[in-house]
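Q: Dumping the structure here so I can ask a few things about it.
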Amino acid sequence: METELSRSQRAALKEIWRQTSENGDWARTGDLAAVLGVSPATATAMVKRLVEQGLADHVPYRGVGLTETGRRLAVAVARRHRIVERFLTDLLGYGWGEADTLAPTFEHYLPQQVEERLYEVLGRPATCPHGFPIPGYGSEAIPALAQLYDMEPGQNAIVALSSSVSPAMVAFLGEMGLVPGAEVEVIEKQPFGGPLVVRVAGVERTLGEGAGRQVRIRMLTSGPAVDGDAAAAPRATPAGPGGTTKEK
């Protein structure tokens, strides 16, 4: 990379890119602070440093966006992170949550040629263990997929990815078996935002609306249209074993 970045700057760039890819052109410093686990003042200082380096733009009352250079670096950071995650799950057997926690500890020091070699050895995977596309494969943004909670009883789908970056939520979804590549069937859905009963790997599970909206799916069965169901995206490779604790 042309610009030398600290580990915290890499994390901030990746998160700004993720948020702006999902929600529009601007990310909020408060959201950055929450995801990165720092104080609002620290997040503001991070943003200020990125602005000084020409990697980000900050507009009061709107938020933070990436410059063209910043976006290019953020994509490279995300690509490396997701390749390292696949290495940890596919070759070393870590769970998808553990991989996300461990990846930043050494990806910062990984030479570019080693990153590309890992990618080839892994078989040029389309996604990270969480189902997010690996930039450079063809799609950089999070695909516009339907949410699990939008499904109706009798419908079946394949879990595409978890859109959550919360360690607790990722761990919970892993324990429920709601990992990329898993098939899920809706058994029951209570009205007015009530719980959803689903069958995953032959086991019935109950989850609330909040968790159900963090799981993106691709429909398998016909039925009422689900928003986002027609969106195309690479099929996620099932996550590695486990899915316990985490840090993304």
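Q: Based on Cα positions only, what radius of gyration and what Dmax would you give for the stretch 146-219, in angstroms?
A: Gyration radius and largest Cα-Cα distance of the stretch 146-219: 10.8, 30 Å.
Q: Also, I was wondering about something else. Report the one residue of Ala126, Ala76, Leu145 whose Cα lies farthest in the direction of the positive end of the charge dipole of the stretch 1-160 (charges on C-beta: Lys and Arg +1, Asp and Glu -1; origin at the Cα centre).
A: Of the listed residues, the answer is Ala76.
Q: Scan around Lys189 for amide H atoms under 5 Å from its own, H built in the peptide plane at 1.01 Å from N, and keep only partners 5 or more places away or cross-chain.
A: Residues meeting the amide H criterion: Val197.
Q: Okay, moving on. Between His58 and Val197, what's the calculated FRET efficiency when r is the beta-carbon distance and R0 is 51 Å? Round to 0.05.
A: Taking R0 as 51 Å, the efficiency between His58 and Val197 is 0.70.
Q: Further question on the same structure: For the stretch 76-217, just the Cα set please: Rg and Dmax, both in angstrom.
A: In Å, with Rg to one decimal and Dmax whole: 16.2, 53.
Q: Right, here's the next one. Across the stretch 14-156, what fraction of all alpha-carbon pairs, as a whole percent, falls in each successive 5 Å bin from zero upward?
A: 2, 9, 16, 19, 18, 16, 12, 6, 2, 1, 0
A short reminder: the numbers here are calculations on the coordinates, not readings from a lab. The structure displayed is predicted, hence computed values, not measured ones. When we count neighbours, we look across all protein chains shown, and the Cβ atoms used for this are built from the backbone with ideal geometry, even at glycine.
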